[in-house]
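The values are calculated or read from the model by the stated rules, or taken from the named source; none is laboratory data. The shown structure was predicted, so the numbers you read here are calculated from the model rather than taken from an experiment. Heads up, the Cβs are rebuilt from the backbone with ideal geometry, glycines too, and the neighbour counts pull from every protein chain shown.
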Amino acid sequence: MPSPPPVCLADFADLARTVLPPQVWDYIDGGSGTETTLSANRTALDRVGVLPRVLTGVATASLRTRLLGRQYAMPVGVAPMAYQRVAHPDGEVALAGAARDAEVPYLASILGSTPIEQVIATGAEVWFQLYWLRDRGLVADLLARVREAGCRALVVTVDVPVLGRRLRDLRNAFRLPPEIIAANLPGGRDDLAHGGTPGVTPVAVHGGVAFAPALSWADLRWLGEQCDLPLVVKGILDPADAVRAVDAGARAVVVSNHGGRQLDGVPASATMLPEVVAAVGDRCEVLLDSGVRSGVDVLRALALGAQAVLVGRPMLWALAVGGRAGARTGLALLADELRDALALAGCADPTAARELRTVSMG
């Protein structure tokens with residue numbers, strides 16, 4: 001008997017696990033260390049109780065949202081994720097196309113397995129995610145390339161001085177298939193991602209060679225001076241770092257622990273979100289990622305003070321199951337859930353949701 005169609009994002013997880021090779025499933029699904037932080041991301045969101053308002057006269061909620069000065073259909077973006085062609089042959093093109101269909105931003109990874117120009121050709125609103133390369137000249141060249149291609153924002157990930165120790169990948173001796181390359185890096189720079197080094201995953205070896213571990217606030221300021229795109233800093237947990245990011249020119253920060261894939265044992269992103277929001281006030285926009293799985297989770301994030309969320313793994317599950325159509329369905333289900341959640345909470349729009357009170361259900 002065929003499986004029933006998905007009715008929520010979680011349904012895509014079970015379906016994706018049946019179609020993906022076990023090593024690829026673990027690469028997508030896994031976290032670092034004992035996966036304490038990976039688990040904490042879900043636990044923290046599940047403990048957020050949202051107090052709905054009643055008799056507000058709201059029958060149908062609008063999801064329209066403004067981020068970095070541009071209008072989007074809902075307060076959701078597709079998180080940057082590397083090597084999307086491991087999940088589906090169409091990879092980044094399919095997922096960006098689904099984001100275009102849903103009218104939400106697509107964050108393209110520097111480690112995308114499709115060139116950024118092809119991603120932008122889908123018509124999606126693309127924000128480009130950057131890891132700091134050891135060669136500053138290559139960084140400058142890449143900035144010029146993404147500006148010329150038409151990216152709408154630059155997202156600098158700051159929580160990866162080295163790649164987190166991901167035990168599932170080590171146990172599986174995971175390596176990228178030879179046809180999957182880092183298409184945005186100069187030719188040959190991802191060869192190490194296909195090799196083998198005892199005790200270290202090839203992807204980690206490649207990252208250690210390509211990326212500079214000593215990114216500083218001075219580098220971030222330099223980056224802001226070189227690029228006229230809105231600057232977003234992703235990977236913030238400490239409120240003091242959020243303030244410094246704004247001082248360095250950030251228009252937005254993403255409260256994130258990299259989906260539990262970097263330092264294991266750090267707090268859940270949702271736990272730190274209210275403190276970051278309080279620290280930056282109205283000086284910048286604040287987004288959340290790590291652990292978002294439903295429209296209710298989006299409502300929780302809004303009520304905790306975020307302007308929007310980024311969704312990662314569930315979009316790869318949907319991509320794996322159905323390509324662009326699967327990802328489009330996943331985003332549509334998320335929009336339906338959020339619309340219902342807003343109406344049930346008595347909110348006409350996402351801005352109203354940010355006025356809701358929350359309580360701990362832990």
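When P52, P6, P89 are checked against the criterion of being more than 25 Å from N257 (Cα to Cα) and in contact with a Phe, Trp or Tyr (Cβ under 6 Å, 6 or more places away or on another chain), P6 stands alone in meeting it.
Does the range 78-125 hold any residues that are over 16 Å from A182 (Cβ atoms), buried (at least 24 other Cβ atoms within 10 Å of the Cβ) and among the β-branched types (V, I, T), and which are they? Hits for the range 78-125 are V78, V104. Checking each residue in the range 2-36 for being within 16 Å of A318 (Cα to Cα) and of a type outside the set (A, V, I, L, M, F, W, C) picks out S3, P4, P5, P6, D11, D14, R17, T18, P21, D26, Y27, D29.
Considering R354, R293, R300, the condition of being within 26 Å of G260 (Cβ to Cβ) and surrounded by 24 or more Cβ atoms within 10 Å (Cβ to Cβ) is satisfied by R300 alone.
Being charged (D, E, K, R), part of a helix (DSSP H, G or I) and at pLDDT 95 or above is true of R244. Figure legend. Inter-residue proximity from the range 23-46: first residues modelled with pLDDT of 95 or more and surrounded by 17 or more Cβ atoms within 10 Å (Cβ to Cβ), second residues assigned to a helix (DSSP H, G or I) and β-branched (V, I, T), beta-carbon distance below 6 Å, spacing 6+ or different chains. Indicated pairs: V24/V86; A44/T271.
Across the range 135-183, the qualifying residues are those that are small (G, A, S) and without any contact (Cβ under 8 Å) to a residue 12 or more places away in the chain, and the one among them that is nearest to A252 (Cα to Cα) is A144. The helices (runs of 4 or more DSSP H) falling completely within the range 13-111 that include 2 or more residues that are in contact with a Leu (Cβ under 6 Å, 6 or more places away or on another chain) map to 91-102.
Every residue, every condition in (1) at pLDDT below 95; (2) of a type in the set (A, V, I, L, M, F, W, C), yes or no:
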{"position": "R152", "(1), (2)": "no, no"}
{"position": "L163", "(1), (2)": "yes, yes"}
{"position": "G188", "(1), (2)": "yes, no"}
{"position": "L192", "(1), (2)": "yes, yes"}
